[in-house]
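Structure, as structure tokens:
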Amino acid sequence: MNLNNITNYVQSICENISNVLDVDVTLVTKDLTRIAGTGIFRGKIGETISEKSVYSLVLKDGKSYVINKEIEENCNKCANRENCKELADICTPVKMGEHILGILGIAAFNEEQKEKILSKDKELTAFVRSMSFKLDELYKQEVKTIDDLEREAIENAIKKYGSNTEGMKKVAEALNIGIATLYRKVKKFNIKS
């Protein structure tokens, strides 16, 4: 499983979160590569984050972190501490089941954003976690073949109209196919009526 396969969608989620919360947002893969971002993070897409960062801790223990740079002990261990402009951060794992795919983070780069993040840290952590679940749901969505879609359409129509002779005529009409074609497809897909 790889978040790189859905980067356009991920970037869109980051932009929407950023617009609503007026903070910068980023998504980092499990190999600590930034694949999406807004504001300052946009220019850092493609860069790798230090393994001595809090993001690395999120990957290791699977927990969300609320970070206040002034008091966060883990910030002192970060290799980028001296150059870091983030004043506060909420980092949460993006999971599929129990597997961590990456980290979704929101960051404050000024005092107003910092206050916003830290004053509502529980609500924002829950919100960011829910967004990471949306990514999980998208990732789980499978691409279906035309045959799969056709079989589903026939099955749904049969459920709606029934499988007796009159119902099958309505199914064929609803699907805009001939009755003989419908029966061939029912046989092809082994649909039990």
For the range 20-54, which residues satisfy the criterion of being in a helix (DSSP H, G or I) and not aliphatic (A, V, I, L, M)?
GLY39, PHE41, ARG42, GLY43, LYS44
Long-range neighbours under 8 Å by Cβ, at least six apart or interchain, first residue buried (at least 24 other Cβ atoms within 10 Å of the Cβ) within the range 19-38, second basic (Lys, Arg)
VAL23/LYS116; THR26/ARG34; THR26/LYS44; LEU27/ARG34; VAL28/ARG34; GLY37/LYS44
Might you check whether a residue that is open to solvent by less than 30 Å² (accessible area, probe 1.4 Å), part of a strand (DSSP E or B), more than 17 Å from ILE45 (Cβ to Cβ) and charged (D, E, K, R) occurs anywhere in the range 81-94?
yes
Considering (1) among the β-branched types (Val, Ile, Thr); (2) modelled with pLDDT of 80 or more; (3) closer than 22 Å to SER53 by Cα; (4) part of a helix (DSSP H, G or I), say which one ILE154 fails and leave the rest.
(3)
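So that you can scan it fast, the table gives a plain yes or no per residue for (1) hydrophobic (A, V, I, L, M, F, W, C); (2) under 15 Å from PHE127 (Cα atoms):
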{"position": "CYS14", "(1), (2)": "yes, yes"}
{"position": "ALA36", "(1), (2)": "yes, no"}
{"position": "GLY43", "(1), (2)": "no, no"}
{"position": "THR48", "(1), (2)": "no, no"}
{"position": "LEU57", "(1), (2)": "yes, no"}
{"position": "GLU70", "(1), (2)": "no, no"}
{"position": "GLU86", "(1), (2)": "no, no"}
{"position": "PHE109", "(1), (2)": "yes, no"}
{"position": "LYS114", "(1), (2)": "no, no"}
Could you please find all residues in the range 128-151 being surrounded by 14 or more Cβ atoms within 10 Å (Cβ to Cβ) and at pLDDT 80 or above?
GLU150, ARG151
By residue number, the members of the range 166-193 that are assigned to a helix (DSSP H, G or I) and open to solvent by less than 90 Å² (accessible area, probe 1.4 Å) are GLY167, MET168, VAL171, ALA172, ALA174, LEU175, ILE179, ALA180, THR181, LEU182, LYS185, VAL186
Quick one: ILE13 ticks every box in (1) surrounded by fewer than 17 Cβ atoms within 10 Å (Cβ to Cβ); (2) at pLDDT below 85; (3) assigned to a helix (DSSP H, G or I) except a single one, so which number is it?
(1)
Hey, can you tell me all the residues within the range 55-80 that are in contact (Cβ under 8 Å) with a residue 12 or more places away in the chain, of a type in the set (A, V, I, L, M), open to solvent by 40 Å² or more (accessible area, probe 1.4 Å) and not in a helix (DSSP H, G or I)?
VAL66, ALA79
Going by what's in this entry, would ILE103 be described as modelled with pLDDT of 85 or more, surrounded by 15 or more Cβ atoms within 10 Å (Cβ to Cβ) and either more than 28 Å from TYR9 (Cβ to Cβ) or aromatic (Phe, Trp, Tyr) (or both)?
no
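The values are calculated or read from the model by the stated rules, or taken from the named source; none is laboratory data. Because the structure is a prediction, the values reported are computed rather than measured. Neighbour counts run over all protein chains shown; Cβ positions are idealised from the backbone, glycine included. We work out accessible area using only protein heavy atoms, side chains counted, and drop any ligands, DNA or RNA first. Shrake-Rupley method; radii C 1.70, N 1.55, O 1.52, S 1.80 Å.
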